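What follows is calculated from the coordinates using simple rules that are stated; it is not laboratory data. Remember, predicted model here, so these are calculated numbers, not experimental data. We place every Cβ from the backbone using ideal geometry, glycine too, and count neighbours over all the protein chains shown.
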């Protein structure tokens with residue numbers, strides 16, 4: 001009979017966070033068991049109960065009823081940036097208690113230093129021809145967003161329209177605004193709005209899906 005595998009609780013916490021970052025939702029117990037190489041779901045539940053007791057996670061009934069609570073440490077040359085949701089998917093929840101997870105990014109990405117930043121997961125290809133710092137915006141990528149309520153013409157913005165977040169190129173026209181897609185799919189059309197939208201931030205960098213990113217663990 002093989003020796004029972006013993007993990008540090010930080011490894012389990014990190015695995016939950018990494019799954020969330022990669023897939024956009026927490027893992028199920030079975031998915032976490034396979035990821036960690038553990039023999040039974042009961043063992044996974046024991047680790048999760050300990051993490052919940054220590055205040056690192058919150059759990060509730062349901063297959064994916066896990067939410068991370070701990071804000072990770074910040075390194076000397078990096079800063080932890082929260083993932084707050086995806087677009088298009090619904091309203092952004094930028095408050096810290098709604099964060100899905102964190103990624104450590106080089107501080108040189110975060111300019112000006114006085115600004116606030118968040119990460120947003122891209123869903124769909126309405127902007128897959130747009131380039132930011134040399135990277136195209138494709139489904140599954142993360143975009144780094146500088147939190148702003150205004151933008152200049154030509155900026156790629158995260159806008160909230162009818163309660164739903166979208167990423168588009170911003171332009172002004174007399175009496176209205178244009179949120180323009182840049183896609184290989186000609187079916188996407190510009191969105192014309194007057195005042196019934198809100199700019200949430202400006203996209204300043206793309207973190208490609210599958211990139212060698214630094215997942216934060218406490």
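Here the gap between residue 178 and residue 193, fully extended at 0.36 nm per residue and compared with their Cα-Cα distance, gives a gain of 4.8 nm.
Residues 113, 131, 121, arranged from fewest to most other Cβ atoms within 10 angstrom of their Cβ, appear as 113, 131, 121.
Counting neighbouring Cβ atoms within 10 Å and putting the fewest first, the residues 60, 102, 19 line up as 60, 19, 102.
Based on the alpha-carbon gyration tensor of the stretch 9-68 and its eigenvalue square roots a ≥ b ≥ c, which shape applies: rounded if a/c is under 1.5, prolate if not and a/b is larger than b/c, or oblate? Note, shape of the stretch 9-68 comes out rounded. Computed extension gain for residue 150 through residue 53, at 0.36 nm per residue and net of the alpha carbon distance, reaches 30.7 nm. Take each peptide in 187-193, 139-145, count the other Cβ atoms within 10 Å of every residue, and average; sorted highest first, the result is 139-145, 187-193.
Here the label points at residue 60 and residue 139, each 7 Å from Cα along the C-beta direction, are separated by 2.9 nm in the simple model.
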